[in-house]
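Contents: one structure, followed by commentary.
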Amino acid sequence: MNKLLQDLRYGSRMLRKNPGFTIVALIALILGIASTTAIFSVVDGVLLHPLPYPDSERILSVSQTVRSTGVSMQDSSPANYLDWAAQNNVFSHMAASRGQQGNLTEGDRPERVRMTVTTASFFPLFGVNPILGRTLLPTDEKPGSANVVVLSHGLWERRFGSDRNVIGREIKLNGEPHTVIGVMPPNFSPDDYGELWLPSPWGVPANALRPAEDPRSSRSSNYLDVWARLKPGVSLEQARTEMNAIMLRLEKQYPNDEQGVGIALTPLHEEMVSGIRPVLLVLAAAVASLLLIGCANVANLQLARAAGRAKEISIRTALGASRWRLIRQMLTESVLLALLGGTPLLVALSPSEIHGFKEIGLNLKVLTFSFLASVLTGILFGLVPALAVSSASPSESLGEGERGSTSSRSRSRSILIVTEVALSLVLLIGAGLLMKSFSKLTSVDPGFVPERLLIFDVGPSFTDEARQTIFYQQILARVQSVPGVEHAAAVSRLPLSGGNSSRSFNLPGDNANYTSDIRVGTPEYFQTLGIPLLRGRTFTEHDTKNSALVAIVNDAFARATFPGQDPIGKYVVNFGPKDEKLEIVGVVGNVRHLALETAPRAELYQPLGQASWPRMFVAVRTLTPNPLTLVPAIQEAVWSVDKNVAPGTARSMETLIARSLLQRKFTMTLLTMFAGLAVTLAAIGLYGVMSYSVSQRTREIGIRMALGAQRAEVLKLIVKQGMTVTAIGVLLGIVASLGVTRLIANLLFGVSATDFATFLALSSVLLFVALLACWLPARRASGVDPMVALRAE
């Protein structure tokens, strides 16, 4: 211990004695260690940290699939859920829910809240008790039971001031009184949606489009989120085997509804992180590369610094210090330096809007990782210099004849520079591909005009379809009258807002099953969004319940369903749960509804009045460049129709598009930053190596120039030395990139993972940066006076 403390004190003095070296090394290490620690904190919080539920590894997400392809349908039908719950022997609990939005009337202004209608088994499945009151019971699910509600902790704090006497209090949801029976603890949100939870009188959540209809026999409407908890001792494979057998039995029993329908069981944690896992793994690989580059850079600095300590080391060796003692001293200095650089900095850069970044930060595990990363980093960058310095011969060093050891250190520095350049190029190409991908994505035509477009959602408190139609018509009329509004319309599903709905149908005389996404809109919807009409007509105020049922389809629908034909005047039959017959009266342009990178899907539009929807999005085309300035006036227009209805948060369509690209932008920004830092570190490392090489060759350069060598020849000689090392690193980096960039192929849009132009351009950029790093010391060397150089040597 005394020797270790002695080494630490000596190492500390050496670092203070060389402030320039210490500062440069600390910058390189802080960038590498802090980035690595920050990304680890995210990986730990998102990928490694278990969900906050007892035995959370036994909780599964259950969904229907297309058996032939394994593609998930995401949602499940009520009848299937009830059969699964009744027939299985592998789950201790199963639960089903659906999300919706509603109006909470409490105080002067109503508030739009997110509600989850769920089965009573939801809470025992996740094993979390309320902090106040109770959760739902099976008796709350019986028809005629009193309306009850369980509050989330966030809503309880925000809306009810953390009042512990809230239990038994009556609140109004969608105009109906509900009694508060419980409050859940913080961060309880298994569906990442609900602010409060309600029971269904049917024992399974009803369809939001038909809330008064008993859903228990419905197999054609898939709208439920389903979860299950494995019984103790039951494996996931056992559960999958039994549930597949149940689905095969249901297929025989209900061939019209269950033909080809499979089932998927996915651990809940795996499902929740599936979207962010590839991004985090890419970033983790990037910061690991940055850390290695930082280590290589500091190792190069250590090797250069070792030349100045050759006599010191030789004297200590001559006085009896063993090689292990010298290595330990050098490693102690390196570890001390690394510990000083081990401060995490980048957690604040992660946007909270990206799912999974809400609960990250410093904890004991992250701090432990930071400490271990610092120690290992110190050993990693200190080992090569320590071995090189400790192997120097005392007689050579004392006699200033260390040419052989200098040559050995030169080879070590060249290898480190090659490594730095190769890793930098891999990061640079990865960032370049993401930047090119992002650029292509932002230039994609979404199928509508997002400028000057304001959007918000709204829904009445009643369920009568005729009243709902009148409500939306009144809302649009009042909004249209607001000064600065050009057009106003409503639609059931707005592009890029999340969520989707689809319906099955047939063609006359054709038994083949077709599927299309469904939208319900008002007559001015296409004009308001700027969706072009390609053929036929749009909806009019005459398309009502009393007229022939009509539909408008998009171009993708027309091409897929009626290839080579004009769809105007043709019919679709057996459409949706009511088996309707619809005449196609128009064809409109395609809209990228799910995401900008997702190809347009077949869409069928129905007019509001002939179809209904409980919650609609209102789109407002404004005359002013900033549509958000009209929000207060538009809110008053909504309240003038019904003071108990709260419009959802208003935002511009451009903001909605930006949010849809947030994760891609975050990944691109961080990887670009890491690549920039890597290139900078590599350039600094190359510059340092070349500067040191020039200082070691001062006498040689003086002799060459004294014998008649021209300045240009000396310049070429020095630059060639550095560019040879760089070229080897670039070649290795290209080879590595050809394999590594395939790992980010799923994050790219419109760009190949082996895009030749990107590889060529960024390799050229790195070569140019390296040329500058070599040219500066070469230029200085070529300007040395030969006589001065010879006297200095």
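The table that follows gives values for the structure above.
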read-out	value
Any hit, region 188-196, residues being open to solvent by less than 60 Å² (accessible area, probe 1.4 Å) and touching a Pro at 6+ places or on another chain (Cβ under 9 Å)	yes
Odd one out for L582, checked against (1) more than 24 Å from G530 (Cα to Cα); (2) crowded, with 20+ Cβ neighbours inside 10 Å; (3) under 38 Å from the mean Cα position of the chain (by Cα)	(3)
Hey, I657 within 30 Å of A477 (Cα to Cα), in a helix (DSSP H, G or I), touching a strand residue (DSSP E or B) at 6+ places or on another chain (Cβ under 8 Å) and β-branched (V, I, T) or not	no
Cβ pairs under 6 Å, 6+ apart, first in region 94-115 and in contact (Cβ under 8 Å) with a residue 12 or more places away in the chain, second of a type in the set (A, V, I, L, M) and in a loop (DSSP other than H, G, I, E, B)	A96/V204; Q100/A208; N103/V645; N103/A646; P110/A646; E111/A646; R112/A646
Residue in region 718-728 that is surrounded by 17 or more Cβ atoms within 10 Å (Cβ to Cβ), hydrophobic (A, V, I, L, M, F, W, C), within 30 Å of S437 (Cα to Cα) and at pLDDT 80 or above present	no
Criterion (out of contact with any strand residue (DSSP E or B) (no Cβ under 6 Å at 6 or more places or on another chain), within 12 Å of P199 (Cβ to Cβ) and surrounded by 14 or more Cβ atoms within 10 Å (Cβ to Cβ)) met by exactly one of A95, A120	A120
Every pair of residues 6+ apart whose Cβ atoms lie under 6 Å, when the first sits in region 50-64 and is closer than 13 Å to H93 by Cα while the second is among the β-branched types (V, I, T) and open to solvent by less than 50 Å² (accessible area, probe 1.4 Å)	S61/T266; V62/V226
Test: residue in region 451-460 that is closer than 18 Å to K578 by Cα and either outside any strand (DSSP E or B) or more than 35 Å from the chain's Cα centre (by Cα) (or both)	no
Some residue of region 126-135 being open to solvent by 30 Å² or more (accessible area, probe 1.4 Å), basic (K, R) and at pLDDT 90 or above	yes
Filter result for V645 (within 31 Å of the chain's Cα centre (by Cα) and open to solvent by less than 10 Å² (accessible area, probe 1.4 Å))	no
From the options R240, R229, residue that is open to solvent by less than 40 Å² (accessible area, probe 1.4 Å) and more than 30 Å from N574 (Cβ to Cβ)	R229
Residue list for region 477-512, restricted to those being out of contact with any Leu (no Cβ under 7 Å at 6 or more places or on another chain) and part of a loop (DSSP other than H, G, I, E, B)	S481, P483, S492, R493, L494, P495, G498, G499, S501, P508, G509
Search result, residues across region 558-584 that are at positive phi and assigned to a loop (DSSP other than H, G, I, E, B)	G564, G569, G576, D579
Selected residue [open to solvent by 50 Å² or more (accessible area, probe 1.4 Å) and under 22 Å from A489 (Cα atoms)] from H542, H593	H542
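Per-residue answers, yes or no, for (1) surrounded by fewer than 22 Cβ atoms within 10 Å (Cβ to Cβ); (2) over 31 Å from the mean Cα position of the chain (by Cα); (3) farther than 18 Å from G536 by Cβ:
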site	(1), (2), (3)
A556	yes, no, no
T561	yes, yes, no
G564	yes, yes, no
L604	no, no, no
L623	yes, yes, yes
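The values are calculated or read from the model by the stated rules, or taken from the named source; none is laboratory data. Quick caveat, the model's predicted, so the values are computed rather than measured. Note that each Cβ is placed from the backbone with ideal geometry, even for glycine, and that neighbours are counted across all protein chains shown. With ligands, DNA and RNA removed, areas are computed over all heavy atoms of the protein, side chains included. Shrake-Rupley method; radii C 1.70, N 1.55, O 1.52, S 1.80 Å.
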